[in-house]
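Some notes on the structure that comes next.
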Amino acid sequence: MEKMKKVEQGTFPKPKKILAFSNDYKLSAIFQSANQCERMSNIRHQALAMCVKGELLTTHGFYWRELPDEIVIDADDIGKLNLLDFDKAAGNDFKIYATKYQRRYEVILEHEFKEKELILKNRKRGKSNS
């Protein structure tokens with residue numbers, strides 16, 4: 001009986017949007033809810049929930065993130081928005097794969113990715129790391 005009252009009063013939280021980022025860290029899709037995401041991508045609820053919390057890196061070849069209310073993203077951002085930039089704005093420091101090939105032994109934290117990228121650029125330019 002109490003559950004019926006809650007539905008009538010509208011006390012259920014508004015569903016959060018789910019974002020899918022490809023293996024090259026670009027936004028690929030925006031889903032209106034976790035249920036829509038699960039139905040359209042055939043992902044199990046547990047795997048999606050673990051990805052969104054940062055407990056699992058990827059599933060089905062994508063990084064999955066929940067869109068916080070304070071960040072606004074629209075369809076124009078698809079293909080342009082970078083996972084690292086999004087996570088920085090959202091305050092996340094999840095583990096990611098160091099390369100787009102998603103090898104298990106190449107897992108690093110996102111803030112380490114920027115450092116690694118800078119070191120590689122400096123090596124290409126012939127600068128030392130010290």
Just list whichever of LYS53/LYS88; LYS16/LYS53; LYS14/LYS95; LYS26/LYS88; LYS26/LYS95 have alpha carbons separated by over 18 Å in the model shown.
LYS14/LYS95
Whole-Hz Karplus couplings 3J(HN,Hα) for the range 37-49, θ = phi - 60° and coefficients 6.51, -1.76, 1.60, Gly and Pro as x, run 4, 5, 5, 6, 9, 6, 9, 6, 4, 4, 5, 5, 4
Over the alpha-carbon set of the range 26-79, work out the extent along each principal axis and list the three values in angstrom, largest first.
28, 21, 19
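If each residue's Cβ is checked for other Cβ atoms within 10 Å, how do VAL72, VAL52 rank with the fewest at the top?
VAL72, VAL52
Computed from the coordinates by the stated procedures, all read-outs in this text should not be read as laboratory data. Source: prediction; values computed, not measured. Because the Cβ atoms are built from the backbone with ideal geometry, glycine has one as well, and the counts that use them run over all protein chains shown.
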